[in-house]
Amino acid sequence: MALDKDMLDLGDRNAEPLTKDEVVDILNDLLENTRDGGYGFLACAEEVESPAAKQLFASRAEGCRQAESELLQLITSYGGKPADGGTAAGAVHRGWVHVKGSLGANSELSILESCERGEDTAVARYRKALKQNLPADVRSVVERQAAGAQRNHDQIRDLRNAARAKD
């Protein structure tokens, strides 16, 4: 899937190049985002009953682990220290998924809606990063990962729409 026009906003090419610290900050933001996604997909996999949904979420969690590995390498290559975990907002979101499960509100539709909200956040963070004047090596990784986040979002949205049609 190609990136949409908004995601391809390359920022101001006449802007000053980013410092290594600024690049590391952007990469760490995406690293936390990617960890949130991986943790979130695993939380969703625990709460759904459908084997197909469990497999989908497990597959997406593995994709996040691969993206995390790429980001860790870039952060290190730019002399940075990788962030330790995900975000507080991501932890709250995962907690909410588990609360829904413990209250019996863990219909596949409910879980898919929660997962889609998480993917909305991921897509927005990648769009924000792509508006920066990133070095070419970083930009190519971020663009590829942004396309993956958009694919995840679109697939979750389509599954959510199908689940809504069943209700």
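The values are calculated or read from the model by the stated rules, or taken from the named source; none is laboratory data. This is a predicted model, so every value here is computed, not measured. Neighbour counts are summed over all protein chains in view; Cβ atoms, including those assigned to glycine, are modelled from backbone coordinates with ideal geometry.
What residue, of Gln132, Gln155, is within 14 Å of the chain's Cα centre (by Cα) and among the polar types (S, T, N, Q)? Steps first, please.
Working: Gln132 fails: within 14 Å of the chain's Cα centre (by Cα).
After applying the criteria, what remains is Gln155.
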* Asked: For segment 20-124, list the helices (runs of 4 or more DSSP H) that sit wholly inside it and hold at least 1 residues that are modelled with pLDDT of 95 or more and hydrophobic (A, V, I, L, M, F, W, C); which are they?
  -> 20-47, 51-77
* Asked: Out of segment 140-152, which residues are more than 9 Å from the chain's Cα centre (by Cα) and modelled with pLDDT under 95?
  -> Arg151
* In segment 28-50, the residues that are farther than 15 Å from Gly118 by Cα and more than 15 Å from the chain's Cα centre (by Cα) -> Glu46, Glu47, Val48, Glu49, Ser50
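Considering only residues that are of a type in the set (A, V, I, L, M, F, W, C) and assigned to a helix (DSSP H, G or I), look in segment 131-146 and name the one that is nearest to Asp120 (Cα to Cα). Talk me through it step by step, then tell me what you get.
Of the residues in segment 131-146, the ones of a type in the set (A, V, I, L, M, F, W, C) are 134, 136, 138, 141-142, 146.
With the extra rule that they be assigned to a helix (DSSP H, G or I), the set shrinks to 136, 138, 141-142, 146.
Numbers: Ala136: 25, Val138: 22, Val141: 19, Val142: 16, Ala146: 12 Å.
Ranking the candidates gives Ala146 first.
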* Asked: Can you name every residue in segment 51-61 that is more than 16 Å from Gly118 (Cβ to Cβ) and touching a helix residue (DSSP H, G or I) at 6+ places or on another chain (Cβ under 8 Å)?
  -> Lys54
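Out of Ala163, Ala129, which single residue is touching a residue at least 40 places away in the same chain (Cβ under 8 Å) and farther than 21 Å from Val48 by Cα?
Working: Ala163 fails: farther than 21 Å from Val48 by Cα.
On inspection, the qualifying residue turns out to be Ala129.
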* Structure fact -> Counted residues in segment 25-62 being crowded, with 21+ Cβ neighbours inside 10 Å, of a type in the set (Lys, Arg) and closer than 21 Å to Arg160 by Cα come to 1
